[in-house]
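Just so it is clear, none of the values below were taken in a lab; they were calculated from the coordinates. Small disclaimer: the values here were computed from a predicted structure and weren't measured. We place every Cβ from the backbone using ideal geometry, glycine too, and count neighbours over all the protein chains shown.
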Amino acid sequence: MPKDSGIGASPKRREDVRFLTGNGNYTDDINAHGQAYVHFLRSDIAHGTLNSVDTTAAAAMPGVVRIFTAADFEGVGGVPCGWEITDRHGNAMQEPKHPVLAEGKVRHVGEPIAAVIAESLEQARDAAEAIDLDIEELPAVVDMKAAVAEGSVKVHDDLTSNLCYDWGFVEENREAVNQAFQDAAHVTSLELVNNRLVANPMEPRVAIGEYNRSTDDSKLYTTSQNPHVIRLLMGAFVLGIPEHKLQVVSPDVGGGFGTKIFHYAEEAFCTFAAKACNRPVKWTSSRSEAFMSDAHGRDHVTKIELALDADNNFTALRTDTYANMGAYLSTFAPSVPTWLHGTLMAGNYKTPLIYVNVKAVFTNTVPVDAYRGAGRPEATFQLERVVDKAARELGVDPIALRRQNFITEFPYATPVAVEYDTGDYHATMDKLTEIADLSGFDARRKASVANGKLRGLGVNCYIEACGIAPSNLVGQLGARAGLYESATVRVNATGGLVVMTGSHSHGQGHETSFPQVIADMIGIDEGMIEIVHGDTSKVPMGMGTYGSRSLAVGGSAMVRATEKIIAKAKKIAAHLMEAADADIELKDGEFSVAGTDKSVAWGDVTLAAYVPHNYPLEDIEPGLEETAFYDPANFTYPSGAYACEVEVDPDTGKVSIERFSAADDFGNIVNPMIVDGQVHGGIGQGIGQALLEGCVYDEDGQLLSASFMDYAMPRADDVPFYSVDHSCQTPCTHNPLGVKGCGEAGAIGSPPSVVNAVVDALQSAGKTDVTHIDMPLSPGRIWAALNS
Amino acid sequence: MYNFEFEKPSTVADAVAALAGDEAQALGGGQTLIPTMKQRLASPSKLVSLSGIAEMQGVQREGASLTVGGAVSHADVAAQATDYPALAEMAGHIGDPAVRNRGTIGGSLANNDPSADYPAAALASAATVVTNAREIAADDYFQGMFDTALEDGEIITGVKFSVPQAANYQKFVQPASRFALVGVFVAKHADGVRVAVTGASEEGVFRWSEAEAALDADFSADAIAGLTLDPSDMIGDLHGTKEYRAHLVGVMTKRAVAAAA
């Protein structure tokens, strides 16, 4: 029987009561007394010299409080980058300054040039139109290979070129990999594009700056996945405000998908301007602004080659990727195509030799950074596409080829510097074969053909590295932050708990699943536990929510803090029952003395902690509050096998996804319903990338897909009912919960299944020359492939 | 959005008078105009709402024609144009429920978006666009992308459709906007077949005369099997090439004929 509480149960999400009744407290719901409104004047050209910004007329417009330009930010830092990559020659990456407001040049459509603060938003917009801009347009560079070609226009005049870095991994393996290709019995090669995406969380970004002149305290409300990181980056690197004078609050956050990890210029601006104007200032992004100012995702151009021996064993893998950075380095941008991508190139396979080359390139486009999966979808897509292509070339079953090359022994040290702790790839493939009814595919294909449709089946595996990350390791890799997590557990006198966690939900249901863990540890009702997050003044420290890390890292910190609570509570219980500490057991919210019928309730102990009349004051302090910082020993490695079945209408090229099945191994599961939801959402986004979404610039750097009229988001009728299973569980060996993380899996695992399926459908119609179609697989592209 | 004056007259005559001023703009359901104004891409000094004019409401059958008031919403056409099922079906698939409840037939035809559905229905139905001043045959009304025979201040008070013997509209949607990437309305009238194509051409809605001739001779999907359109006049954009749109016109025409026959 399913549990109704604790780990493994699926209680309904308590936060949904407020979300679904319109009572959420999002940043835009906050209105400070006396606030003024910010409107950013943004560049409508991709590249130009900013000769002058004349605000004289605009400043005299009704309602204008003040207009800011780059001149107001002299002495203020640039927006920092949080990760430094060392290139294959041992040199640091090229790192341009990223000013809060454009300085001297504009480098992408949407870059803020000036900011108008006025009594109303409309007045601010009116005044922005009266700003006299003198911009001399320069040729733009959008294509990455053109950007690194000799003589290209430079995005940053003070850099030597548009090449941010040329990264080789593992550089020492380069020659051995090349030799393995020389010796290969078969080489499969594939060139592909991982399409640029716009994250489009439902809630656009918002920033509200406040300043208290009497205390010199600054406060920022922002739509962030990690308010503490914003406090650190903005306070230390941009504005020079120490943490104790700066509070960052992110209340309910309406989706992020990575794009709300980063520190943005608008946040620094609002905090700065609130002090300069001595009043609260509020900026709410319009959807149009979001398209041209939220960090985009993906945008890789890759050539991948797989070498096999005569027995179809993978012997080497070699990739050559161009990764778009956009015009500036967003917070974690350099890490995405490198450490979050190269380290995953082994996938589920025991390929002994791997070499990954990544050239990160500046272009006159919006900065690109982590988006759901961040580097791992790009790795999985190219690997699972090239394996599928190899199977076709060799005339072998694509599942059998995968199985033959699966890693089967754990722990497994890959040739790309990570060690998988656990996994069972045959088990997830077995489960997939069952839930996807792969044996029934031929019959379903016949039915489709009889109906005038082509049917294709695509299967793939994935592995990801989640639960980021060991701080000492990422420090060696160039991270300018630690990646631990903290939690404070405060037990109140009457037994209820408040848990202050550095993880911050932007839709994941932490307020429901986190209490399940603690309730289980103590044996109390989940309703006695409250989760507090998203406020630097309430939570000691936090690295935030991304990389499927909240439960694995933040949850582990909670467990450690709760263990300290329990240890202290046992001492109190031992005192109350006049027993030895070591004899105290905690079960179902009762402390008992082993081998006796003596017991005290949880609430008696917590009350004693705060009313210490009968209390071991000579040994322990009153009160019951503990903090733990948890730094993971390794990444976690969720894995799985996915299958997609499509029908293609040969007359129009339209794809419909008929079946989608996912067998995931997330280790232990706390709330299966929430995990289902995470997988559903991830697959939806992966299908969006595969079939619909494409962020497109023209050659002048104008954003063609700048609204929902041209950027296709997946809708409910674009996706099928999913068949999702996570009964294959190989628990993580190095965190106390044995959990691996599930937030990104769906988005990582699904794009290759869709493309594999469509290629299969086309091949079934005799189009054997169609070995790849770039995403999004729009009807027009498929029709063109069918008629090539 | 810039400031503007707002009037909501209750008669066509008052609306015409209200529109006489400079930069006054008629407002139907506002499904195009209001978003455009919000983006500050349009700045009429005055909006004259047509939604309070009783004489522009209603769907009426008169002999072989069906007259739809200029201010009738898509949802009302979908529900009330039961004498012309293909038209009702088309109206029921414009945009989403919010668009259908606010958007009007007059607004759509006055805007003449090159991807809108109503222009294809009106052209294929040999409709007559009735204004406060005159009646305009559909063949004369559509003059290119966002361009019509309407004069400044002229209001579409109604649209008279000739109810065909058989008709069907097939829309292949652009995946983002779900406007027609290509939409084909086929109508078989007593005096001939009319095939109107929206979404495809740089010139806006057009009649595919070769298909009409072939279908006049044989109203079956097979009749147009060999016909092709010149892609050079088609729209080519990130959602589909000119060649793809030209091809889709053939596919959608065949499907419409098959569904209507």
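Using a Cα-Cα cut-off of under 29 Å, which lysines could be cross-linked to A:Lys275, ignoring same-chain neighbours fewer than 8 residues away?
The reachable lysines, counting only those whose Cα sits under 29 Å from A:Lys275, are A:Lys97, A:Lys105, A:Lys219, A:Lys245, A:Lys260, A:Lys538.
So what is the calculated 222 nm ellipticity per residue for chain A, using -39500 (n - 2.57) for each DSSP H run with n of 4 or more, over all residues, to the nearest 500 deg cm²/dmol? Could you put the intermediate results ahead of the total?
Values: 19 runs with 199 residues, N = 788.
That comes out to -7500 deg cm²/dmol.
How many angstrom lie between the Cα centre of segment A:283-348 and the Cα centre of segment B:199-220?
Spelled out, the Cα-based centre of one part sits 47 Å from the other.
Run down the lysines and flag those whose C-alpha is under 27 Å from the C-alpha of B:Lys171, throwing out any fewer than 8 positions away in its chain.
Once the sequence-local lysines are set aside, what remains near B:Lys171 is A:Lys453, A:Lys654, B:Lys160, B:Lys188, B:Lys242, B:Lys254.
What fraction, in whole percent, of alpha-carbon pairs in chain B exceed 32 Å separation?
Numbers: 6737 of 33930 pairs.
Looking at chain B, the distances longer than 32 Å represent 20 percent of pairs.
Which percent of Cα-Cα pairs in segment B:5-49 sits in each 5 Å bin, short to long?
Computed distribution, short to long bins: 6, 24, 31, 22, 12, 4, 0.
Which residue, A:Ser161, A:Leu454, A:Thr596, has the largest displacement toward the positive end of the dipole of chain A when charges sit on each Cβ (Lys, Arg +1; Asp, Glu -1)?
Value: A:Leu454.
If the convex hull of the alpha-carbon atoms of segment B:166-260 is projected onto planes in all directions, what is the mean projected area in square nanometres? Mind dumping the intermediate values first?
Numbers: hull surface 21.9 nm².
Quarter of the Cα hull surface area: 5.5 nm².
Expressed as a whole number of Å, what is the distance separating the alpha-carbon centroids of segment B:245-261 and segment A:719-742?
47 Å
At a threshold of 8 angstrom on Cα-Cα distance, excluding pairs fewer than six apart, so keeping six or more, what relative contact order does chain A reach in percent?
Answer for chain A is 16 percent.
Over 24 Å apart: what share of the alpha carbon pairs of segment A:43-193 falls there, rounded to a whole percent?
Distances greater than 24 Å cover 53 percent of the Cα pairs.
Which net charge results when you count Lys and Arg as +1 and Asp and Glu as -1 among the other residues whose beta-carbon is under 9 Å from that of A:Asn25? Intermediate results must be reported in sequence, preceding the final value.
Details: positive: A:Arg18; negative: A:Asp29, A:Asp252.
With Lys, Arg at +1 and Asp, Glu at -1, the net is -1.
Show which lysines lie in cross-link reach of A:Lys571 when reach means a straight Cα distance below 16 angstrom and same-chain residues fewer than eight apart are skipped.
By straight Cα distance, A:Lys571 reaches A:Lys587, A:Lys598.
Hey, what's the per residue convex hull volume over the C-alpha atoms of segment A:105-169, in cubic angstrom? Working shown, then result.
On the way: hull volume 9.5 nm³, N = 65.
Considering the Cα atoms of segment A:105-169, their hull volume per residue is 147 Å³.
May I ask for the distance between the Cα centers of segment A:41-93 and segment A:593-664, given as a whole number of Å?
Measuring centre to centre over Cα atoms gives 42 Å.
If each residue's Cβ is checked for other Cβ atoms within 10 Å, how do B:Glu7, A:Glu267 rank with the fewest at the top? Display every interim value, and only then the final one.
Values: B:Glu7 17, A:Glu267 29.
Listing B:Glu7, A:Glu267 from fewest to most nearby Cβ atoms yields B:Glu7, A:Glu267.
Determine the equivalent ellipsoid of segment A:336-381 by diagonalising the alpha-carbon gyration tensor, then write out the semi-axes as square roots of 5 times the eigenvalues, largest first, rounded to whole Å.
Numbers: eigenvalues 107, 31, 8 Å².
Those come to 23, 13, 6 Å.
Going by C-beta contacts inside 10 Å, put A:Val605, A:Val600, A:Val498 in order with the fewest on the left. Write out the running numbers ahead of the final one.
Values: A:Val605 27, A:Val600 21, A:Val498 15.
Ordered by Cβ neighbours within 10 Å, fewest first: A:Val498, A:Val600, A:Val605.
List the relative contact order of segment B:166-260 as a percent without decimals, with contacts defined as Cα pairs under 8 Å and 6+ residues apart. Can you show the working numbers first?
Values: 184 pairs, mean separation 29.4, N = 95.
Dividing the mean separation by the residue count of segment B:166-260 yields 31 percent.
Which value in Å is the Kirkwood Rh of segment B:56-162 over different Cα pairs?
Numbers: mean 1/r = 0.0748 Å⁻¹.
Averaging 1/r across every pair of different Cα atoms and inverting gives 13.4 Å.
Can you tell me the orientation of helix B:242-260 relative to chain B, as the angle in degrees between its alpha-carbon axis and the longest Cα principal axis, to the nearest 10?
80 degrees
Considering all projection directions equally, how large on average is the shadow of the alpha-carbon convex hull of segment A:288-402, in square nanometres?
Numbers: hull surface 30.9 nm².
If you wrap the Cα atoms of segment A:288-402 in a convex hull and average its projections, you get 7.7 nm².
Of chain B, which part is the longest with no trypsin sites (Lys or Arg not before Pro) in a loop (DSSP not H, G, I, E, B) and with at most 16 other C-beta atoms within 10 angstrom? Don't jump to the answer; show the numbers that get you there.
Values: sites that count: B:Arg40, B:Arg134.
Answer - B:135-261.
So what's the convex hull volume per residue for the Cα atoms of the protein assembly as shown, in Å³? Walk me through the intermediate numbers first.
Values: hull volume 205.1 nm³, N = 1049.
Spread over its residues, the Cα hull of the protein assembly as shown gives 196 Å³ apiece.
Using Cβ contacts closer than 10 Å as the measure, can you line up A:Glu621, A:Glu530, A:Glu203 from fewest to most? Don't skip to the end; give the middle numbers.
Numbers: A:Glu621 12, A:Glu530 16, A:Glu203 21.
Ascending Cβ contact count within 10 Å gives the list A:Glu621, A:Glu530, A:Glu203.
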